[in-house]
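*Asks:* Let me give you the structure first, and then I'll get to my questions.
The values are calculated or read from the model by the stated rules, or taken from the named source; none is laboratory data. The shown structure was predicted, so the numbers you read here are calculated from the model rather than taken from an experiment. Virtual Cβ from ideal backbone geometry, glycine too; neighbours counted across all protein chains shown. Heavy atoms of the whole protein, side chains included, go into the accessibility calculation; ligands, DNA and RNA do not. Shrake-Rupley method; radii C 1.70, N 1.55, O 1.52, S 1.80 Å.
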Amino acid sequence: MKVIVNAKVVTPHGLIDEGVVWFDQGRIVACGEARDLTPSADAELIDAEGLYVAPGFVDIHCHGGGGHWSFENPAAFARFHLNYGTTSILPTFSYNESEEQIAEGLRRILQAQLDIKAYGRSIAGIHMEGPYINPKYGAITSPIRPVNPAEYREILEMAGEQIKVWTLAPELEGQRQFMEEASRYGIAFSVGHSEAAAETVLDCVPYGLRIGCHCTNASGTTPSPSRYAGTREVGVDEAVLLSDEIYAEVIPDSEGRHVRPLMLKFILKAKGADKVIIITDAMDGTGISDASVDVNLIEKTEFSPAQAADYMLGGSLLTMDRAVYNMKRHTGVGMADLFKMASLNPAKVIGIDHEAGSLEKGKRANLIFVTEDIQVRKVFLDGELVHVHNQ
């Protein structure tokens with residue numbers, strides 16, 4: 001038995017200022033007020049030194065990190081993000097891969113999940129971002145292709161149970177049939193890289209559409225010209241904000257390039273903290289000092305404005321700790337709601353909230369120690385200390 005003491009424990013309901021967390025054999029045994037939980041004499045005490053103790057981050061939209069694409073080296077990718085507090089992650093394909101690259105990538109990810117020593121247990125499934133998206137909204141358009149039943153059936157047969165999220169443009173021909181078939185695997189669909197009419201988006205909810213992919217990014221514009229001159233139509237983002245069934249993904253970068261700070265506040269006000277999900281959309285160059293990768297280098301590297309303009313929106317170089325800190329800085333939201341958006345909500349939408357996403361009895365002991373400004377000090381995966389930040 002291990003007991004974390006002297007902690008500010010973050011729960012979905014608020015903070016426990018004098019909190020403790022007990023865990024044993026990789027599972028949380030108890031969590032609550034220190035005055036109500038007295039450790040046994042033989043328990044190992046872990047002093048949190050007044051830091052916040054919170055659930056590990058759950059990143060459902062992440063393409064790479066540490067110099068690795070998620071589908072090329074999933075074990076190294078997952079290990080890199082563990083260092084920044086992400087204890088559950090979805091290796092995310094983009095719309096840039098060929099059929100052969102997808103098939104090989106799926107095999108690598110499925111194999112990596114089995115490697116316990118390499119922390120493959122932090123890989124919670126797979127996110128397919130494309131390839132069935134609107135080519136008008138892809139940063140690289142050549143690999144984008146029409147909905148192909150032969151291709152998606154092969155993907156579903158290979159990895160259907162492990163695919164937790166599939167991003168698509170609902171307006172494309174053949175998409176409804178695809179959703180009907182793929183929904184049998186419990187996949188959460190995400191509307192993205194799309195200019196679908198609001199009615200089309202909302203009609204997909206019964207088939208399992210649950211996510212608005214990186215809101216206000218590659219989500220089209222409100223139809224123009226308007227049906228009635230001088231008035232505003234309703235587009236993809238508005239449909240996401242309207243539906244109580246759909247979570248809104250946001251990429252909170254430091255400068256508000258992906259989502260303007262005022263827009264983050266608006267999304268949060270419209271959806272509430274229970275329906276917003278913080279993601280990184282990180283690329284392979286995340287954490288790498290070499291500034292030669294085609295991603296949003298502004299997060300980690302100083303560029304001139306002209307140079308930065310070339311790297312603004314092709315993914316990001318965010319890690320979840322920085323994304324969560326930026327969300328706090330831009331919106332002023334408190335710790336409990338931050339970790340709803342960064343841990344519990346994403347766990348819910350991919351169906352792992354019985355195992356992860358909050359510090360509750362019976363769940364995996366995936367937890368992190370963080371400072372007020374979300375600097376990660378320690379990371380535990382299934383109760384195992386896997387990272388200590390050297391101050």
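*Asks:* Describe numerically, in nm with one decimal, the distance between label points set 7 Å from Cα along Cα→Cβ at GLU233 and at GLU44.
*Replies:* Once both label points are built, they end up 6.1 nm from each other.
*Asks:* When the Cα atoms of the chain are enclosed in a convex hull and the volume is divided per residue, what value in Å³ results?
*Replies:* Convex hull volume per residue, Cα atoms: 139 Å³.
*Asks:* Further, regarding this structure: Could you give the nm distance between label points at ASP24 and ARG176, where each point is 7 Å from its Cα heading toward the beta carbon?
*Replies:* In this crude spin-label approximation the distance works out to 5.5 nm.
*Asks:* Using modelled amide H (1.01 Å from N, peptide plane; none on Pro or chain starts), what sits under 5 Å from the amide H of THR87, excluding residues fewer than 5 places away?
*Replies:* Residues meeting the criterion, in which the H sits 1.01 Å from N, are PHE57.
*Asks:* Could you give the accessible area per residue of the chain, probe 1.4 Å, as a whole number in Å²? Write down the numbers at each step before the final one.
*Replies:* Values: 16230 Å² over 391 residues.
Result: 41 Å² of accessible area for each residue.
*Asks:* For the cross-link pairs LYS8/LYS265; LYS117/LYS328; LYS2/LYS275, which exceed 31 Å when the distance is taken from alpha carbon to alpha carbon? Don't jump to the answer; show the numbers that get you there.
*Replies:* Working: LYS8/LYS265 26 Å; LYS117/LYS328 34 Å; LYS2/LYS275 33 Å.
The pairs that break the limit, which is 31 Å between Cα atoms, are LYS117/LYS328; LYS2/LYS275.
*Asks:* Ignoring ligands, DNA and RNA, please state the percent of accessible area on the chain from carbon and sulfur, probe 1.4 Å. Don't jump to the answer; show the numbers that get you there.
*Replies:* Details: 7880 of 16230 Å².
Solvent-exposed carbon and sulfur of the chain make up 49 percent of the total.
*Asks:* Whole-Å semi-axes of segment 57-216's equivalent ellipsoid, largest first, each the root of 5 times a Cα gyration tensor eigenvalue?
*Replies:* Numbers: eigenvalues 132, 49, 45 Å².
Over the Cα atoms of segment 57-216, the ellipsoid semi-axes are 26, 16, 15 Å.
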